[in-house]
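Heads up: the structure comes next, in structure tokens.
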Amino acid sequence: MSAPRLEIDLHKLHHNARTLVELLRPRGIQVVGVTKAVLGSPEIARALLSAGAVGLGDSRIENIETMRRAGVSETLSLIRSPMISQADRVVANADISFNTELDVIAKLSKAARRRGNVHRVVLMVELGDLREGIMPDDLASVVRETLCLPNIKLEGIGVNLACRSGVAPDDANMTVLGFLVESIERTFGLALRVVSGGNSASLTWALGAANTSRVNQLRLGESVLLGCEPLQRQPIPGLHTDAVTLVAEVIESKSKPSRPWGDVGETAFGMATPASDRGRIDQTILALGHQDTDPAGLRPPPEIELLGASGDHLVVASRCQLAVGTELRFQPNYSALVRAMTSPFVENVLKAESVSMQTGREISATQ
């Protein structure tokens with residue numbers, strides 16, 4: 001196989017999704033599997049659905065179109081506010097879209113009317129993270145105008161936390177969400193089908209809260225793919241944290257001084273951290289860089305130390321010189337995973353069974 005590559009174990013992803021579905025079911029919460037980090041991979045989408053996800057969510061209409069072309073017929077939601085210029089594509093391919101702007105919803109209404117279908121919308125409310133969301137005091141007026149639009153159905157209310165400002169979901173902000181839902185239902189005589197309580201960052205709250213209020217849905221991506229919660233990046237008990245592995249190949253292995261010499265300025269990616277003088281070290285270069293992933297988001301094998309990276313090179317130190325052609329296996333965090341998935345230079349290898357080690361030619365971060 002070529003390198004660099006992402007190896008994705010579908011069995012482990014299925015296990016992670018199934019475990020989370022079963023943990024949340026007694027709390028009255030369903031799982032929407034989020035596919036944006038894997039570019040709407042139909043194979044991964046089907047793994048999430050077979051594990052019990054009630055639908056799929058993605059932030060890009062292009063990924064939703066990919067899944068539709070592959071025959072995914074289950075409910076697909078566009079979980080980023082639609083671009084008004086893509087209203088026709090959204091209505092044609094997404095069953096539901098998450099919205100904050102009336103002008104956009106009005107355009108979706110016109111597009112749905114032309115197609116003769118009904119498009120469902122979830123209104124996102126702002127509860128402190130200061131990314132997308134309608135301010136709570138404005139929610140009722142937005143609901144009122146949304147209900148007047150033809151070919152639009154108000155599916156529910158949702159929130160997003162912890163993505164821009166790191167505001168954690170907790171009893172306080174989730175209680176506010178519940179109050180808002182109940183107020184909207186009383187005011188307009190509605191029964192909202194969906195109360196979407198956030199992403200993987202909401203898991204700690206959802207699994208530990210004495211009362212999950214009206215929340216009946218979470219949108220889960222990172223927790224399924226990487227087996228951790230996003231707030232502290234701690235592993236979730238019972239989940240695989242190695243379902244996704246980034247493999248890179250050694251292209252240079254030499255003994256070199258540990259400290260650079262000459263006048264030092266900025267690198268291509270900003271100021272470098274000053275290196276301490278440790279004498280000569282066994283330095284290894286891998287064919288992987290900022291153009292392929294987020295180097296700071298890689299967890300190396302225990303015997304490997306990350307030293308730095310440029311656009312096309314990842315520099316590490318090892319306990320002994322590694323032969324050119326040796327493959328090293330890294331565990332990516334969410335940032336590293338997203339960038340690797342979107343790089344045209346990183347191959348994606350889907351595996352139905354756990355990855356087998358190539359004895360003598362491969363070193364793994366999970367050893």
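Here are the numbers:
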{"read-out": "Degrees, to the nearest 10: 102-115 long Cα axis against longest axis of the chain", "value": "80"}
{"read-out": "Relative contact order of the chain, defined on C-alpha pairs under 8 angstrom at six or more residues apart (%)", "value": "18"}
{"read-out": "Cα pair distances of the range 244-364 binned at 5 Å [whole percent]", "value": "2, 11, 20, 23, 20, 13, 6, 3, 1, 0, 0"}
{"read-out": "Rounded to 5, percent antiparallel among DSSP beta bridges of the chain", "value": "45"}
{"read-out": "Computed lengthening from ASP171 to ASN117, 0.36 nm per intervening residue step minus Cα-Cα distance", "value": "15.6 nm"}
{"read-out": "Amide H partners (placed H, <5 Å) of GLY55, local residues excluded", "value": "GLY33"}
{"read-out": "Degrees, to the nearest 10: 10-24 long Cα axis against longest axis of the chain", "value": "40"}
{"read-out": "Helix 171-188 axis, angle to the chain major axis (alpha carbon atoms, nearest 10°)", "value": "30"}
{"read-out": "Whichever aspartates and glutamates have a C-alpha closer than 15 Å to that of LYS351, once near sequence neighbours (fewer than 8 apart) are set aside", "value": "GLU7, ASP9, GLU43, ASP242"}
{"read-out": "Estimated dipole of the chain in Debye, rounded to 20 [Cβ of Lys and Arg +1, of Asp and Glu -1, Cα centre]", "value": "800"}
{"read-out": "Cα gyration tensor, the chain - rounded (a/c under 1.5), prolate or oblate", "value": "prolate"}
{"read-out": "In nm, spacing of pseudo-spin labels at LEU350 and ALA140 (7 Å Cα→C-beta vector)", "value": "4.8"}
{"read-out": "Nitroxide proxy distance, nm - points 7 Å out along Cα→Cβ at ALA210 and GLU305", "value": "5.0"}
{"read-out": "Estimated 222 nm signal from helices in the chain, with DSSP H stretches of n ≥ 4 weighted -39500 (n - 2.57), rounded to 500", "value": "-8000 deg cm²/dmol"}
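A short reminder: the numbers here are calculations on the coordinates, not readings from a lab. Here the structure is a predicted model, which means the values were calculated and not measured. Using ideal geometry, Cβ is built from the backbone for each residue, glycine included, and neighbour counts are taken over all protein chains shown.
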